[in-house]
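Worksheet: the structure to be examined is printed underneath.
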Amino acid sequence: MKKSYILLVTIFLVASACSLLSEDNNKENIKLGEGVTDIDGNVYGTVLIGNQEWMSENLKVTRMSDGRELVKDNTLNSTAASDTTAYAVYQVNISDVANNDSLVSSHYGFLYNYHVATDEVGICPEGWRVPSREDWVVLTDYLKDRGQKNEVVNSSGAGNALKSNQVLSREQSATEWTSSDIPGWFTDETHTGRNLYGFNGLPGGMYRSSGSEGLGMYGAWWDSSPIAGGVAVYRTLNYNSGSLTTSGTSASSGASIRCMR
């Protein structure tokens, strides 16, 4: 009986070590790009995922590539009825910080309306673009070929591979945020961010007509594909899902932007 117990423990430890080694090897294979600088002088890290190069941070620029200033509208309501290119900072009360906007935007970037993502002038640095439907599909297909299928229930899914591995210690029901809660994901028993490719997807939430929502729960990134049936498309990583999902909203909503090439 004792020998059997020791054998089972040994098998478990070896399997765990192999799993950790496999994930560590994946992380060691993160391929860093050259980086890129936007028109405001913000410098972004970049990573190579297959034949694509992605920013490893959300965009936080305040001007289009031709120098045109974006409208800052932290509710995105005053610009909702027009095609004004506007951005917002997620509004959350952080008890131990004087300047919430600065802390939130430094980690999560800005939330842009759809008009920014699709303006013909472009919001990304020269040679870079807001990803289209085809670009997102190429990304998930690449992950699928490496064992990270784009499935909601898959703990090793594409979504978890793209999410950062920063986890929040606070409960979802807590009403107070502190600076230690920025940035990070709420915990889930099945789905944990693995950040295998350095994409570093963070849960920056969104802006909708009812206000800001989703901080710590999900991240949302615009898809530059044309509006279909009045719906603008975005891609989402959720704290309790293993997939990168496709959703739709109004063009006046605010979502993050990741530039790629």
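Annotations for the structure displayed:
- LYS144 meets all of the listed conditions (1) at pLDDT 95 or above; (2) within 28 Å of ASN113 (Cβ to Cβ) but one, namely (2).
- Failed criterion for ALA220 (all others in (1) closer than 22 Å to GLN91 by Cα; (2) part of a loop (DSSP other than H, G, I, E, B); (3) at pLDDT 95 or above hold): (2)
- Which listed residue, of GLY198, GLY159, GLY214, is outside any loop (DSSP other than H, G, I, E, B) and surrounded by fewer than 24 Cβ atoms within 10 Å (Cβ to Cβ): GLY214
- Test result for THR79, surrounded by 16 or more Cβ atoms within 10 Å (Cβ to Cβ), under 21 Å from GLY254 (Cα atoms) and touching a residue at least 60 places away in the same chain (Cβ under 8 Å): yes
- Only residues that are over 20 Å from VAL138 (Cα atoms) and in a loop (DSSP other than H, G, I, E, B) were counted in the range 242-260, giving 4.
To keep it simple, each residue is scored yes or no on (1) of a type in the set (S, T, N, Q); (2) within 28 Å of THR85 (Cβ to Cβ); (3) assigned by TED's automatic domain parsing to the domain that holds VAL121; (4) assigned to a loop (DSSP other than H, G, I, E, B).
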position	(1), (2), (3), (4)
ALA174	no, no, yes, yes
SER225	yes, yes, yes, yes
THR236	yes, yes, yes, no
ASN240	yes, no, yes, yes
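- Test for ALA232: is it in contact with a Phe, Trp or Tyr (Cβ under 6 Å, 6 or more places away or on another chain), part of a loop (DSSP other than H, G, I, E, B), touching a residue at least 40 places away in the same chain (Cβ under 8 Å) and under 26 Å from THR79 (Cβ atoms): no
- Odd one out for VAL92 among (1) of a type in the set (A, V, I, L, M); (2) outside any loop (DSSP other than H, G, I, E, B); (3) closer than 13 Å to LEU215 by Cα: (2)
- Checking ILE257, ILE182 one by one, the residue that is among the β-branched types (Val, Ile, Thr), under 25 Å from ILE123 (Cβ atoms), in contact with a strand residue (DSSP E or B) (Cβ under 8 Å, 6 or more places away or on another chain) and not assigned by TED's automatic domain parsing to the domain that holds ALA161 is ILE257 and no other.
Here is a yes/no grid of residues against (1) in contact with a strand residue (DSSP E or B) (Cβ under 7 Å, 6 or more places away or on another chain); (2) exposed (fewer than 14 other Cβ atoms within 10 Å of the Cβ); (3) part of a helix (DSSP H, G or I):
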{"position": "SER105", "(1), (2), (3)": "no, no, yes"}
{"position": "GLU126", "(1), (2), (3)": "no, yes, no"}
{"position": "PRO131", "(1), (2), (3)": "yes, no, no"}
{"position": "ASP141", "(1), (2), (3)": "no, yes, yes"}
{"position": "LYS144", "(1), (2), (3)": "no, no, yes"}
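- VAL97 being of a type in the set (Val, Ile, Thr) and either in contact with a helix residue (DSSP H, G or I) (Cβ under 6 Å, 6 or more places away or on another chain) or closer than 18 Å to PHE199 by Cα (or both): yes
The values are calculated or read from the model by the stated rules, or taken from the named source; none is laboratory data. In this text the structure is predicted, and so the values were computed from the model without any measurement. Note that we place each Cβ from the backbone using ideal geometry, even for glycine, and neighbour counts take in every protein chain shown.
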